[in-house]
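The values are calculated or read from the model by the stated rules, or taken from the named source; none is laboratory data. Bear in mind that the values here come from a model prediction, so they are computed numbers and not experimental data. Note that we place each Cβ from the backbone using ideal geometry, even for glycine, and neighbour counts take in every protein chain shown. These accessible areas exclude ligands, DNA and RNA; they are computed on the full protein's heavy atoms, side chains included. Shrake-Rupley method; radii C 1.70, N 1.55, O 1.52, S 1.80 Å.
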Amino acid sequence: MPRNRTRPKSRLVPVLFGLVFFLPGVGMLLFGPAHRLLEHGMTASWDQVPATLDEIRVDRQRHSEGTTTYAVRASYRYEYGGRQYQGTRVGYDRGSDNIGDFHHRVMRHLEQQRRNNAVQVWVNPGQPSESLLVRELRWRKMLFMTVFGLVFAGAGVFVMWLAMRRGAPSPTGDQPISSSAQYGHWLFGFMAFAFLGISLPVVLMLPDELSKGNWPILAVLLFPLAGLWLGYMAWKNWRNWRYYGPAPLVMDPAPGQLGGDIGGRIAFTRRLDADAGWAVTLQCLRVRISSGKNSSRHETLVWQQDQVPEAHHRAHGTELSFCFTPPADLPESDGDGRHQVVWRVLLIGPTEPVPLERSYDLPVVQGRQRSGVTLSEAHVQHHEQQGRRQALTEAVEQVDMQRMGLGWVIHSRAGRHLGMKLSITVFGLIFASVGAGLWYLAATEGAMLYLMGGLFLLFGVPLTIGGVFMAGRGLTARIEGTRVTMIRHWLGLDLWKRQGELISADQLVLKSGVSQSQGGRTTEYFALAFEDGGKTIRLAEGLVGRPAGEAFRDSLVKLLGLA
């Protein structure tokens, strides 16, 4: 029996993680707004008596992170039941904060009352030593605490709900596998709620802050805008989920086999067009997880293959079938530790009325078991021929190849795939700019910034130079008989030239270059080169996807008559 290191995960860890958010959130609600409302109701029966205000001030506390908080402090005397009492409590709050102008407004009001000899104090008749100067609910602060409490408690409930709904996944794939879209709309919806909720109290403060000339506070509008975008994504995912349904994947064999087949069926409860542009991509990914203060998850593509699934109309909907035969030397699924291996199926389909995209993580092990899923010969032949024609068409569109006398000229134009190259350049410029800024600040802020700035520059400058070079570079290869001359140029300027002998098809190699990920799909860019002794000389570059690269290689072999 093959070993599968993707073990079932306990619900306990996510439940405990959810409690870390839920309990503080509930505590914030109970000891914040709920307690304030309870106090306000209890003090309604207190007696109001005249008082002498001895002192009133607003204390200011400057914190290390640059914020300032305020608290109203007072000392007053009053008589109740024939006895004199001393009091210091102003309102319901006992700490300091910087929410609104409550503190300065209360101080001005009490000072005016003192000048008019009209200071009143609320006294607990059951315990006259307990008193209150201001019996006022701070609605803005209560709203602030309510939102934060709901966000934290909601986050905890959401995490625990997900844990209970998902349960312990089957490590062998013998149960239907749900797609990641199952919880996508919930996740986006909660994030939208969090962004909008957290920013709401600050947005309500905008008029007061703008009247004071605090224009930089407008930057907080980025948070509700992000919340609205997340809300739109939640609606979009929910609409997709409602239209296409769960679409579970049933593996056959289960788990998938390296050295055998990885196949399965995906069932839809709606009858869908069999020729709706269906495509299934099987991916093997290495995942590196870093923990600590700056935790992150980075996925690197190891192998992928595309296939057009075969669609069948059933009594209650549509069923898609697919079957891959991956190389046996690829790594099996491994969900343990910080270095993991994930096998994933990506599915795309109809674009109207709602674009369909689904992804499924599969258990895959070493084995030789074959799939019971059989694609019809007509389907396989049709799409293989169609795929080869499409790949060759794309290759010809990406690389110019012209007859020249008795030979050929292959020209890889500059400026292709400009979006990808510009993104690399912009990414590099951002890092380089941050590094330069840190280097500038290091003169006054300390030598540690030299180190941090140097690291950013070390990464950003080569990336920027590489992106600019890639955007303007081109390649021309001239083939005359067995003699090949390659010229590298940049913005029309020849940089260097290399020559070699191309005699056999065995010399040709397809080399993977940069890759770009979008929506879970990875686009690889390939270069075709040949090896001559110790030299590797490029013939063409910028071929998008392995099928286009292989189609161009096969076409070149036929044109040159290589054996």
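Things to note:
- If a spin label sat at a point 7 angstrom from the Cα of E79 along the line to its beta carbon, the backbone N atoms of segment 14-53 nearer than 19 Å would be those of 47-53.
- Distance (nanometres) between label positions extended 7 Å along Cα→Cβ at W496 and W439: 2.6 nm
- Here the simple spin-label model places points 7 Å from the Cα toward Cβ, and for R413 and E299 these points are separated by 3.3 nm.
- In the assembled protein chains, W496 presents an accessible area of approximately 120 Å² (probe radius 1.4 Å).
- Area of D329 that stays accessible when all protein chains are in place (1.4 Å probe, Å², to 10): 130 Å²
- Nearest-0.05 FRET efficiency for D506 and R403, computed from C-beta distance (R0 22 Å): 0.35
- Exposure rank, largest accessible area first [V20, V123; 1.4 Å]: V20, V123
- For the chain, complete DSSP H runs whose alpha carbons reach 30 Å or more along their own long axis and whose mean Kyte-Doolittle score is 0.5 or higher are 139-166, 184-211, 418-445, 448-472.
- Principal semi-axes of the equivalent ellipsoid, √(5λ) from the alpha carbon gyration tensor of the chain, are 65, 33, 20 Å from largest down.
- The portion of the accessible surface of the chain made up by carbon and sulfur, rounded to a whole percent, is 58 (1.4 Å probe; DNA, RNA and ligands excluded).
- Alpha-carbon centroids, segment 281-351 and segment 417-442: separation in whole Å: 32 Å
- The stretch between A34 and I487, if pulled fully straight at 0.36 nm per residue, gains 155.5 nm over its current Cα-Cα span.
- Take the chain with all the other protein chains still there, run a 1.4 Å probe, and you get 56 Å² of accessible area per residue.
- Using a Förster distance of 51 Å, the FRET efficiency for Y450-R314 (Cβ separation, nearest 0.05): 0.15
- Solvent accessible area, Å² - F427, 1.4 Å probe, full protein context: 100 Å²
- Extension gain for L225 to R62 (0.36 nm times residue separation, less C-alpha to C-alpha distance): 55.6 nm.
- Separation between Cα centres of segment 27-75 and segment 223-248, rounded to whole Å: 42 Å
- Sites T351 and Q120, calculated FRET efficiency, Cβ-Cβ separation with R0 41 Å, nearest 0.05: 0.05
- Sorting K141, K558, K497 by accessible area puts them as K558, K497, K141; the probe is 1.4 Å, largest comes first, and only protein heavy atoms count.
- Put a dot 7 Å past the Cα of K236, heading toward its Cβ, do the same for L206, and the two dots end up 2.4 nm apart.
- In the chain, helical runs assigned H by DSSP with n ≥ 4 each contribute -39500 (n - 2.57); averaged across all residues and rounded to the nearest 500, the mean residue ellipticity at 222 nm is -13000 deg cm²/dmol.
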